[in-house]
Amino acid sequence: MENRNNIMIIDGMPVEINGEKNLLELIRKVNIKMPTFCYHSELSIYGACRMCVVENEWDEIEAACSTVPRAGMEIRTNTERLRKYRKNILELLLAHHCRDCTTCRNNGKCKLQDLAMRFGIDDVRFPNTAAEPDIDDSSVCITKDANKCILCGDCVRMCNEVQNVGAIDFAHRGSKMTISCAFERPIAESPCVGCGQCAAVCPTGAIIVKYDFHKIWEALDDKNTKVTAQIAPAVRVALGKELGVAPGENAMGKIVAVLHRMGFDEVYDTSTGADLTVLEESNEFLKRLGEGGHDIPLFSSCCPAWIQFCEKKYPELLPHVSTCRSPMQMFASVIHEQHKTSSRRHYHVAIMPCTAKKFEAVRPEFALDDKDPVDAVITTQELIQMIKESGIIFSEIEPEAVDMPFGSATGAGMIFGVTGGVTEAVLRRVSSDKSKTALAAITYQGVRGLEGIKEAVIPYGDETLRIAMVSGLGNASALIDRIKEGEHYDFVEVMACPGGCINGAGQPFASADAKEQRGDGLYAADKMCSTRRSEENMLVMDMYSGVLKNRVHDLLHTHYTARGE
Amino acid sequence: MSHKFDSYTIDEIIDEFGAQPSSVIAILQGVQEKHRYLPKEYFPHIAKRLGVSEASLYSVATFYENFSLEPKGKYVLKVCDGTACHVRKSIPILDRLRSELNLSEEKCTTDDLSFTLETVSCLGACGLAPVLTVNDKVYPAMTPDKASELLKQLKEGLVDA
């Protein structure tokens, strides 16, 4: 309070301005839960929903999200007039909105529903003009229902600003305005890469992740079907408060136990597949370096949204993309080989933080014996839904271990779920120093942290390797521009979702702090592993003389082709 | 009707206004001036050169009433229905033209692509009300009969527009 030059008044309270970019940030800092639809700190300011309006000292009304705090400013956030305006906006939105909340997939998670409840909207004075559902079901990753859209534009800004995909935008004007792909094409025919980040920011049920778990119940009920599952690293740290789990807490043992209780015959850890990926990708990287550095930089290939982005937007870079299948597909191929001669039908489920994996699973490139090795991909959200449906009380369940014959994974595989993890795992593999100190040293090379673009320079023999790690496809584009301008990198890790798989669109909604804790949870899980280098995974090494003998190329690698825009 | 992609002309238009996102409207106007509408075959190329998405070009093209994604007739007739023209009876003119051309509110262009009939909110020539334009030529103080006569002359090629 010493410096009067940076004090303003919010609802009669003096508040210090500390570099906040807008009033809304400041208001929220003093513990006022200001309602918004169109504000996301990672997106540009849009100022459309008008829910965050405040009154200033001259009784003028301003939107807090698009007003810069000034010293000496005096605002009120909760007056009769503001409450009336907010209610009016909600009523008008509801007048044109489907109100069948009980059958909406976003029931209980919808911002419109939540704010209608908070502001006690028990009657809408205007006639309901909601149109019939207008559903775009073409994508295997997400579903869009124009009728539930409130035109906040969050999805548009996410798709354009953060992901640089540009699949959707506003179309038409006034009362005819919609969110649409170019020429109203279905999403499946647009540049959409299936990252699902639009669904992650959608405040209503207008864009939702496609749910596939119903068919898993069917498989589980069938006595002649053996059902196996693999669980991706990022899933175990993201179950969150809906199941009474602390943010970032590693619930792997409990998830395994709950799946066993539901009737899954065998449950595995995708980290095992990631160990395979580390070995294959390291080999490929060293081979390319050894052969005079052709097609360097090598781009990682674990992220299916990045692969589609590359195919659609940067087809010229495809020779630089690793031929390695993703951990999910590598592992599924191995599990498929193990079961293909069995008399029982085999059904393989992958539990992922990711919506784009749903598309990866049906890619013809990965089919083996005319069958997709992954029969169903479900997201963490769907897993939570299944647990709820089953009635099993999650907090009471005793943790269990994953099954054999594939029940071994290293810490290197686990950190795949966070940006920089793939790089760190590969560095552990290619580093000639196999000491514990070397393991710790790698973590200080700039591979950790949730920044969108990270770089590391690693000594390798007599030379140094320049490595970049990007998360968020907009950041990937920025880096690719730099590479095209001549900047040299040897290896580039790309994850489509900001922060990596821990923030995948299939994960339940979480605050920024909780997202960071997910990353911490994975690094903690890595530390608890007795083996932390992929080549120390004896089970995986044995595969090379067993199931993978002479089949490495068929089962673990692939190639991608350009998909015209 | 699909347009053969002509990257030479389109690049000329783009270069004239500069290949940057802020030139979108000018470039779309340039394309429309050339083809009387915006052929969608051009969108991928424009999007790529300007570094914007096709969806955002579509957004601009559908936002402004002046842009058309449908092919237009050789003669575009715009009947002004701004306040001044409206009170001086522009609607009977519109009705007459519609019935003679067999068009409606939904169907604005004749099948032979010779005429497109639209309304416009105000041409800013209120002193000449009621006004209509044929392509860019202004016809003042119209009546339904004068409009019929004009249509007849256009069909016979007696007037240039």
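Listed values, structure above:
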{"quantity": "Mean Cβ neighbour count within 10 Å, used as a protection proxy, ranking A:160-171, A:387-398, A:491-502 highest first", "calculated": "A:491-502, A:160-171, A:387-398"}
{"quantity": "Helix-derived mean residue ellipticity, 222 nm - over chain A, DSSP H n ≥ 4, -39500 (n - 2.57), to 500", "calculated": "-9000 deg cm²/dmol"}
{"quantity": "In sequence order, calculated HN-Hα J values of the stretch A:183-197 (Karplus, 6.51, -1.76, 1.60; Hz; x Gly/Pro)", "calculated": "6, 6, 5, x, 4, 4, 9, 9, x, 3, 10, x, 5, x, 5"}
{"quantity": "Gap separating the Cα centres of the stretch A:165-213 and the stretch A:503-520, nearest whole Å", "calculated": "22 Å"}
{"quantity": "For A:His320, solvent-accessible area (1.4 Å; no DNA, RNA or ligand), Å²", "calculated": "40 Å²"}
{"quantity": "Per residue accessible area in Å² of the protein assembly as shown, where ligands, DNA and RNA are left out and the probe is 1.4 Å", "calculated": "45 Å²"}
{"quantity": "Total accessible surface hidden between A and B, rounded to 100 Å², 1.4 Å probe", "calculated": "1200 Å²"}
{"quantity": "Derived scalar couplings ³J(HN,Hα) [the stretch A:50-59; Karplus, 6.51 cos²θ - 1.76 cosθ + 1.60; whole Hz; x for Gly, Pro]", "calculated": "6, 6, 8, 5, 10, 9, 9, 5, 9, 6"}
{"quantity": "Over chain B, relative contact order from alpha-carbon pairs under 8 Å, at least 6 apart, %", "calculated": "20 percent"}
{"quantity": "The stretch B:1-151 - percent of accessible surface contributed by carbon and sulfur, probe 1.4 Å", "calculated": "51 percent"}
{"quantity": "Virtual spin-label span in nm between A:Ala95 and A:Ala524, 7 Å along Cα→Cβ", "calculated": "5.0 nm"}
{"quantity": "Additional length obtainable on full extension of the chain from A:Ala562 to A:Thr102, 0.36 nm per residue less Cα span", "calculated": "161.3 nm"}
{"quantity": "Estimated FRET transfer efficiency (A:Arg118, A:Glu42; beta-carbon r; R0 22 Å; 0.05)", "calculated": "0.40"}
{"quantity": "Anchor B:Lys152: aspartates and glutamates whose Cα lies under 12 Å away (excluding residues fewer than 8 positions away in-chain)", "calculated": "B:Glu100"}
{"quantity": "Residue mean of other protein chain beta carbons inside 10 Å, B:35-48", "calculated": "1"}
{"quantity": "Modelled FRET efficiency - R0 30 Å, B:Ala125 with B:Ser99, Cβ distances, 0.05 increments", "calculated": "0.75"}
{"quantity": "Convex hull projection area averaged over all views, the protein assembly as shown, Cα basis, nm²", "calculated": "40.0 nm²"}
{"quantity": "The stretch A:110-130 versus the stretch A:398-471: alpha-carbon centroid distance in Å", "calculated": "49 Å"}
{"quantity": "Accessible surface, 1.4 Å probe, highest first, among residues A:Asp490, A:Asp11", "calculated": "A:Asp11, A:Asp490"}
{"quantity": "Label point distance in nm, A:Ser435-A:Glu62, each placed 7 Å from Cα along Cα→Cβ", "calculated": "5.9 nm"}
{"quantity": "Set A:Lys87/A:Lys210; A:Lys312/A:Lys358; A:Lys484/A:Lys515; B:Lys72/B:Lys107 screened for pairs whose C-alpha atoms are more than 21 Å apart", "calculated": "A:Lys87/A:Lys210; A:Lys484/A:Lys515"}
{"quantity": "Shielding by partners, peptide B:60-68 (average Cβ within 10 angstrom, other chains)", "calculated": "3"}
{"quantity": "Nearest-0.05 FRET efficiency for B:Asn66 and B:Val87, computed from C-beta distance (R0 25 Å)", "calculated": "0.55"}
{"quantity": "Cα centroid of the stretch A:148-163 to Cα centroid of the stretch B:119-147, whole Å", "calculated": "42 Å"}
{"quantity": "Nearest-10 value in Å² for the accessible area of A:Ser530, using the 1.4 Å probe", "calculated": "120 Å²"}
{"quantity": "Amide hydrogen neighbours beyond the local backbone of A:Val53, cut-off 5 Å, H modeled", "calculated": "A:Ala64"}
{"quantity": "Under the Karplus curve 6.51 cos²θ - 1.76 cosθ + 1.60, θ = phi - 60°, whole-Hz ³J(HN,Hα) for the stretch A:537-545, x wherever Gly or Pro sits", "calculated": "7, 4, 4, 5, 4, 5, 4, 5, 9"}
{"quantity": "A:Glu398-A:Glu132 pseudo-label distance in nm [points 7 Å out on the Cα-to-Cβ vector]", "calculated": "5.6 nm"}
{"quantity": "Per-residue [θ]222 nm for chain B (sum of -39500 (n - 2.57) over DSSP H runs n ≥ 4, rounded to 500)", "calculated": "-13000 deg cm²/dmol"}
{"quantity": "Neighbouring partner chain Cβ atoms per residue of A:163-169, average, 10 Å criterion", "calculated": "4"}
{"quantity": "Solvent accessible area, Å² - B:Val87, 1.4 Å probe, full protein context", "calculated": "100 Å²"}
{"quantity": "Heavy-atom accessible surface of chain A: percent carbon and sulfur, 1.4 Å", "calculated": "51 percent"}
{"quantity": "Segments A:174-183, A:307-316 sorted - mean Cβ within 10 Å per residue, highest first", "calculated": "A:307-316, A:174-183"}
{"quantity": "Distant-in-sequence amide H partners of A:Phe299 (H built 1.01 Å from N, under 5 Å)", "calculated": "A:Val321, A:Ser322, A:Val492"}
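The values are calculated or read from the model by the stated rules, or taken from the named source; none is laboratory data. Fair warning: this is a prediction, and the values are worked out from it, not measured in the lab. Note that we place each Cβ from the backbone using ideal geometry, even for glycine, and neighbour counts take in every protein chain shown. Side chains are part of the model used for accessible areas, which takes the heavy atoms of the whole protein and leaves out ligands, DNA and RNA. Shrake-Rupley method; radii C 1.70, N 1.55, O 1.52, S 1.80 Å.
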